[in-house]
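Notes to accompany the following structure.
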Amino acid sequence: MSRTVVYAIGGNALSSPNGDGGDESALVLAKVISDVVDLLEAGWRVILTHGNGPQVGHLMSLDSSQPMDDWVAATQGMIGHSLSINLDSILRRRNRPEATAVVLTRVEVDANDEGFNFPTKPVGPVLSDKQVMSEDWDIAETKIGARRVVASPMPLRILDIDVIKSLVSKNAIVICCGGGGIPVVQKDGHYSGVPAVIDKDRLSALLSIEMNVDALIISTAIDAIRIDFGGPNETVHHHLSVKQAAAYLQAGEFPAGSMGPKVESLVEAANNIDGVKSVLCQPGDAIKALRGESGTTITK
């Protein structure tokens, strides 16, 4: 019986927020593609999700008149197309039977979510001092510099989940939930887009739970979860229990704008799916991480 994995790719893996990581991003993307092929050859069905922070922020800086949810939709198409055409080309060369399918994914959020009052999600490139002083944006200092931040409400429901399930059942490699999905709210039976970017890791956890997958892999630039990251007592953890991870979260070990949502999402999946492999690793290490030879695994 086929096993299913949700593989989450960071938006920074596809485009550096510094604006100078073209070659590095290409290398990371090659490792992601290699991971997907390795997973397929190991008998996994693959669902790809991805971030879009650098891309949507760049587009918003070019044209601020366009609604943010439109730019989220646009980046879903752009990134989905890029991933799809690269994967399909490699699958054809390897004579594999799978094909990709890109699903424009809408996600319901609560119009009263507190995330709208406290923007935390970094989007776009690192800002210059002039931009920090002149732009009428919410701006926060991140580990790589000052960046624009936007609302990041919690995802409630994936509107296109039945389409995703149908495609996965047909052995498609589904690229969906891009950029955390297109955020919409419901009022009087009508959906409308809202200015926000849902965290793609949180949505990947919800997708994993809805699909009852066998594994959730969150790929990131860090090879494993670290405590006191960059400090004198930095410690690498290759395995954490849900209880340990929750304690470190409570102690503030993982920043809200970076590792926090990743760890919370892995914990959410581990808590809600029996026997799931809930893993964080670097691109290129997916198979080793599923074997427990790399990355960090969180278990209930």
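Bear in mind these aren't lab numbers, they're just calculated from the coordinates by the rules spelled out. In this text the structure is predicted, and so the values were computed from the model without any measurement. Note: ideal-geometry Cβ built from the backbone for every residue, glycine included; neighbour counts use all protein chains shown.
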Given N residues in the range 198-237, what is its alpha carbon radius of gyration divided by 2.2 N^0.38 Å?
1.54
At 1.306 mPa s and 10 °C, Stokes diffusion of the range 238-300 via Kirkwood alpha-carbon radius, µm² per second:
135
Can you compute the label reach from Glu41? Point 7 Å from Cα along the Cβ direction, backbone N cut-off under 16 Å, restricted to the range 77-99.
87-98
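For the range 161-298, how big is Rg over Rh, using alpha carbon atoms and the Kirkwood form of Rh?
1.01
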Using a 10 Å cut-off around each Cβ, can you sort Ser25, Ser128, Ser65 from fewest to most neighbouring Cβ atoms?
Ser65, Ser128, Ser25
Compute the distance in nm between two label points, each set 7 Å from the Cα along the Cα-to-Cβ direction, one at His238 and one at Asp70.
5.1
Among Met154, Gly189, Thr142, whose Cα lies farthest out toward the positive end of the dipole of the range 140-189, if unit charges sit on the beta carbon of Lys, Arg (+1) and Asp, Glu (-1)?
Thr142
Label-point separation (nm) for Ser61 and Met154, each offset 7 Å from Cα along Cα-to-Cβ?
3.2
Rounded to whole Å, √(5λ) for the Cα gyration tensor eigenvalues of the range 130-179, largest first, gives 38, 13, 9
Using Cα pairs under 8 angstrom and six or more residues apart, how large is the relative contact order of the chain, in percent?
21
Let me have the 222 nm mean residue ellipticity of the chain computed from DSSP H runs of 4+ only, each contributing -39500 (n - 2.57), with the sum over all residues rounded to the nearest 500.
-11500 deg cm²/dmol
Compute, for the range 32-127, the length of the dipole vector about the Cα centre, with Cβ point charges of +1 (Lys, Arg) and -1 (Asp, Glu) only. Units Debye, rounded to 20.
540
State to the nearest 20 debye the size of the charge dipole of the chain about its Cα centre, where the only charges are +1 on K and R beta carbons and -1 on D and E beta carbons.
920
Put +1 on the Cβ of every Lys and Arg and -1 on every Asp and Glu Cβ in the chain; which of Gly295, Gly53, Met133 then has its Cα farthest towards the positive end of the dipole?
Gly295
For the pair Ile227 and Ile90, the simple spin-label estimate (label points 7 Å beyond Cα toward Cβ) gives in nm 3.6
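For the range 157-300, what does the relative contact order come out to in percent, with C-alpha contacts under 8 Å and a separation of six or more? Write down the numbers at each step before the final one.
On the way: 226 pairs, mean separation 34.5, N = 144.
Reported relative contact order: 24 percent.
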Once the Cα atoms of the range 49-192 are picked out, what are the Rg and Dmax in Å?
17.3, 54
In the chain, what is the volume of the convex hull around the alpha carbon atoms, normalised per residue and reported in Å³?
136
Extension reserve of the Ala26-Ser128 stretch, reckoned as 0.36 nm per residue once the Cα distance is removed
34.2 nm
Charges on Cβ only, +1 for Lys and Arg, -1 for Asp and Glu, centred on the Cα centroid of the range 6-138; of Asn86, Ala74, Val107, which one is farthest towards the dipole's positive end?
Asn86
